[in-house]
Each structure stands twice: as structure tokens, then as C-alpha cells.
1. How many of the residues making up the range A:102-115 are crowded, with 24+ Cβ neighbours inside 10 Å and within 30 Å of residue A:353 (Cβ to Cβ)?
2. Would you mind stating whether residue A:234 is in the same structural domain as residue A:79 (by TED's automatic domain parsing), assigned to a helix (DSSP H, G or I) and touching a helix residue (DSSP H, G or I) at 6+ places or on another chain (Cβ under 9 Å)?
3. Kindly indicate the residue of the range A:170-211 that is surrounded by fewer than 21 Cβ atoms within 10 Å (Cβ to Cβ) and within 14 Å of chain B (Cβ to nearest Cβ) and also nearest to residue A:95 (Cα to Cα) among those meeting that condition.
4. Kindly indicate which of A:14, A:34, A:99 is in contact (Cβ under 8 Å) with a residue 24 or more places away in the chain, touching a strand residue (DSSP E or B) at 6+ places or on another chain (Cβ under 9 Å) and loosely packed, with under 15 Cβ neighbours inside 10 Å.
5. For residue A:64, are the conditions met, namely being on the phi > 0 side of the Ramachandran plot, surrounded by 15 or more Cβ atoms within 10 Å (Cβ to Cβ) and within 24 Å of the chain's Cα centre (by Cα)?
6. Does residue A:288 fit the bill of being modelled with pLDDT of 95 or more, in the same structural domain as residue A:367 (by TED's automatic domain parsing) and touching a helix residue (DSSP H, G or I) at 6+ places or on another chain (Cβ under 6 Å)?
7. Among what's in the range B:23-62 and is assigned to a loop (DSSP other than H, G, I, E, B) and under 15 Å from residue A:295 (Cα atoms), pick the residue that is nearest to the other protein chains (Cβ to nearest Cβ).
């Protein structure tokens, strides 16, 4: 069968093989997991179960349960002072991933360019290509893994349609303060470039208050804001995300969503609605726990000689491993083979050579044991 | 609550070095803070939470929750009588509560008989105790925030973006 050329071209082969190696191995301590190690707080699970008992087993409105959209409307208003109408400015999606795919398909005409600062989460480029757009990858590794107005200006041309911002960032943990975002926003407004803001780790920001991009001056009409329940509420498997943005864009996304997905599972939506009502305390508790692990792991990595700046959000550390003389893939492979510790090579995320991603969404006991092993591994190479 | 206390409440064996790293403090400062908490009595004791169901030789241990109705004393209220009750070594916990009775007393003993004896001979006959109701504990599901079930295995896939 002749497979579509776009799909055939899609990578990543090297990483896939490495992932398979990890999955095939037993007794591995994995610091390579991109999801919380907590299970969903019980009151949220209970709401899902109860909804099943009550017979909520059908479709919902394409846009998502009104109860959930209304909950999100209130939540965003309280937390950020953002006013998105539950009627036509919020769409419930199967995680942020689906939302991003919808948006690319909704806005891209063939040849349109989408800026993707890297290292970044892996789906931005592929969903752009699937929508016949051209991803333009921007190397942020020399700027502390941050996109700057200067870098931005350098990559913008007439075909540039949008940029994908992701902060706090997976895999680097880097986030931005309001001032930095304002500078970025100015450039985007000047060139009429849409901001696609993936803020799924926003609730897990440790050193300062997270700033939602649409709260910046004049940004709301020029931004599609993405968030979800996966990371903050430990609900990855429920698959609930949401997109907020200008009416016309949300309407276009809803059109595609209604033909391809119809709606997110009603059980998951019911649980998500409960998460907004009673889940905040759990979010804060988990965040405090992550924060302690963050401090611990950064301190340990630096003492091993693997230079690591303090991530400001998410649950990843992104240390430099150049001092070992190995490249990212070699380091990850050998660490797995010799010490049975799994990490993700930085190269998986674009422009991450010389770095590895360590997830601290793992118990303190696991982290401690993994670091003992890593110490042994690194010292052999001194 | 202070971060150090929060960590210790979850893991009484957390080392000073680890706590220092987790809270971005110097080990000396953590040590000092803990000493202070111990001195003030904010930290009373370090102990393990044990699932006694899994310890065979201990299977005869019996626990009872006892509701105690009390006639409060002039000037002293419940304090004096509470002290007389919680001073018994058989009493593991003692709370003053609102509602239809006054003290909730947790008693541990070797057998049903010992606990019953304690109630009849020590507790119920105290002056000012107007009545008691004893509830024997049949099964423990959760204690001090810990669910008493063996840990379940990891359910996440080993690597993901």
C-alpha cells in the first residue's frame, strides 16, 4: 500500500528504537515518564464512577458538556481574570494534543509556516505537516532555551502564520515572566502572528505566578489558549483538554472536531467537571511535592557535575551531560544498559543535543536510587 | 505548616541532608529547626505506622473505641477527669468531642476480656463518668492517612513524552 508521503516522512526512528528498548527491559527505574506518578485524586474518580451509575453513558454536545465549559469559564475568570464565553469560546478536546491538531487544520493553508521553538514537545511539527503547513524550528539552546524577540524576528517572514509557545516547557521546565511574554507579544502583534499557547503545565509553576498568554495587552484576540486536566490533576488517561480562543477559530475547530471525534468521553468530562469543583487542593498538594523533588534533583545533578539550571515549572529537569563526553543518545542508552535507569535523550525534542530529560514525577525513593546509579555511571567516565 | 514538618510528617526517616536539598536550606539550618521543633514539642516522637494484621504473633491484640459521658466538674470542666482517663497505659488516644457524648477513648488490650475488664473496673466506675459505650474494632482500612493494603505495582508505561 502506498502510504501518504507526509506520513511516510514522519520520524522519529532512533528514538522509537530507544523507547522500545526501555519498554522491553525489566526492573528499570524510569525517569523517562511524561505523566504524574500520582493517581487521579479519589473524589474525581468517584465523580466519574457515579456518573456511570447514574446512566451518563451517551454523547455530549460537540463542544463538550455545558457544565464543564461553564466550570472552565469560572475557573479562568477567577484564576486569571480571563473572560471566555462558555457558549462559543471554549472547546473540550481529547487532551491538548487533539486541540493542537484541530487548530492546525483549522488555520493552515498549504505552505503556511508555523514557528516551533525547540526543544519542545514532539507533536507540534507533525500536526503542522499533516495540515499541509511548514514547521519552522527555532533553536533556543543558545538562549537558555527561551524564545526571544530577536530570535523571533529572525525567523518571521510573509508566510509565517503562527507560533507555538509552550511554557512551562516540556522538556526543559523553562517558563517566562510577564515582562518577557510582553516583549514576545509585541512582536507577534506587530507581524499579525497568532499565538498558540500550550500552557498545560501552567498550574505547575514554582517560582512565580504563571502568566496566561491571553492576559497580556491585546493578546486575547490573537491567542488560542490550550490547557488540560492531565498534568495538574494527574488525569492523563482520562484525556480531557480544552481550547479557548476567538469565536471564529473555535467554531472552525469545532467543525473538524464534530466530524472526527464527536465529543470527549462523557465519563471523563464528568470527572473533569468535578476536578474544577473539588480538585484544587489536590493540585496544590501535588505541586508542593513536585517542588521538593525539583529542589532535590537539581541539587543532586549539579553535585554530580551534570550542570542543570532550576526548571521553573512542569516536572522535568534538563541537565547538560556534555561533561561525560557522551552525546545524548549514547548517554541514555548506556545509562539504561549499565544502570537500568531510563531517561529521554534531549535530541528527541529537537536542538537538545548534549542534554537529557529527567522526569521527577517519580517517588523520592526512586529518585534517590536513580541518582545513586547515575553517580556511579558518571564517575566511571571521569 | 512548615515545609520541614510536612516532609517529616510523611516520612519520619527523611535525612537532614535530603530535607535540606528538598527545601533549599543548609543542613545546619534544617538541623537547628528540627531541634527547635523537638524542644517546643511540635515534633513529639518519630514512629513507624505498622500494619499489625500482618504480624502473626500479635493477632490477639484488640482495640476498642469507647464513648464516655462525663459530668463536668466546677472550675475544672473536663480536664481533670480526662487526665485521669488518658493516664491509663491502656488508653492509646483520648479526644474531647462534641455531640452526644464527651470523650472518645481508644483502648488497646491483649484480648476482648482485658478491654472489657478495663472498662468495667477502671473506666466506668470513675467518679463523674456517667456512662460508657464500647465499640470493638473489627478491621482497619486506613490509619493516619495510610491505606493498609499492600502497595500496588506501577501502572504507567515506562517511557513517554
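1. 4
2. No; evaluated as a whole, the condition is false for this residue.
3. The extreme case among them is A:206.
4. A:14
5. In short, yes.
6. Considered against the rule, which asks whether it is modelled with pLDDT of 95 or more, in the same structural domain as residue A:367 (by TED's automatic domain parsing) and touching a helix residue (DSSP H, G or I) at 6+ places or on another chain (Cβ under 6 Å), residue A:288 comes out as no.
7. B:24
To keep it simple, each residue is scored yes or no on (1) under 30 Å from residue A:247 (Cβ atoms); (2) in contact with a helix residue (DSSP H, G or I) (Cβ under 7 Å, 6 or more places away or on another chain); (3) assigned by TED's automatic domain parsing to the domain that holds residue A:200.
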| site | (1), (2), (3) |
| --- | --- |
| A:14 | no, yes, no |
| A:48 | no, yes, yes |
| A:61 | yes, no, yes |
| A:78 | yes, no, yes |
| A:83 | yes, yes, yes |
| A:90 | yes, yes, yes |
| A:100 | yes, yes, yes |
| A:110 | yes, no, yes |
| A:116 | yes, yes, yes |
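The values are calculated or read from the model by the stated rules, or taken from the named source; none is laboratory data. Keep in mind it's a predicted model, so treat the numbers as computed, not measured. Methodologically, a virtual Cβ is constructed for each residue, glycine included, from the backbone with ideal geometry; neighbour enumeration extends over all protein chains shown.
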